[in-house]
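Rule-based calculations on the coordinates, nothing more; no lab input. No experiment lies behind these values; they were computed from the predicted model shown. All Cβ positions, glycine included, derive from the backbone under ideal geometry; neighbour counts span all protein chains shown.
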């Protein structure tokens, strides 16, 4: 079994064990939250089932680790409270993650890779950046709604916290989009390369 698969299964086991334990203690909200997070870790497999396309193992692994960092480490172990930079780190990381998800979505929609074959790198870059920034905005909207409806405290009741999160997401989205553009422009191995190779395409696409 690959290391990435072992790590993903270990993360899922943490959610299962802690979720069941919290439910046993009668803390239904936290327990269901952890088990709900467990379901989110299976999105790469769901994507493969729906599209018949594979996601590189390392990308799936980092996605699952990100979910673990948000829900188990951040909420369950309360790192959001004990480490002032934990929330900033996760929002900064989310820009890269959302940018990669945007790239995967674009490659799924552009099934014959015409954008890549025709070297429409600026369009690809703008799509990645826009997708990631939109994801960051939706994240903050979800946090706001959770605070208003569920009386949670994810935004710390502060505009400063919200803006810091959005800025972190925008900066990392720009960095990932720029990195992808440079790799494509210079025809170097990239996330595009890994995705195409994994799915055994015979298309002559240059990165």
| remark: Full extension between residue 40 and residue 109 adds, at 0.36 nm per residue less the Cα distance, a length in nm of 22.6 nm
| field | For the range 93-135 versus the range 1-58, the gap between their alpha-carbon centres in whole angstrom | value | 25 Å
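Using only the C-alpha atoms of the chain, find the volume of their convex hull and express it per residue in Å³. The partial results should precede the final answer.
Numbers: hull volume 26.9 nm³, N = 207.
So the per-residue Cα hull volume is 130 Å³.
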| said: Tell me the angle of helix 57-67 to the major Cα principal axis of the chain, expressed in degrees between 0 and 90 and rounded to the nearest ten. | reply: 30 degrees
| Going by alpha carbons, how many degrees (0 to 90, nearest 10) lie between the helix axis of 86-109 and the longest principal axis of the chain? | 40 degrees
| task | Starting with the fewest neighbours, write out 129, 174 ranked by other beta-carbon atoms found within 10 Å of each beta-carbon. | result | 174, 129
| said: As an exercise, use a Förster radius of 41 Å and the Cβ-Cβ distance of residue 17 and residue 53 to find the FRET efficiency, rounded to the nearest 0.05. | reply: 0.85
| Can you list, bin by bin at 10 Å, the percent of alpha carbon pairs in the range 84-202, starting at 0? | 14, 39, 26, 15, 6, 0
| field | Rounded tilt (10° steps) of 28-40 against the dominant C-alpha axis of the chain | value | 10 degrees
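In which sequence would 186, 48 go, from the one with the fewest C-beta neighbours within 10 Å to the one with the most?
Exposure proxy ranking, most exposed first: 186, 48.
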| Which residue, 124, 39, 88, has the most motion in a Gaussian network model of the chain that connects Cα atoms within less than 10 Å? | 39
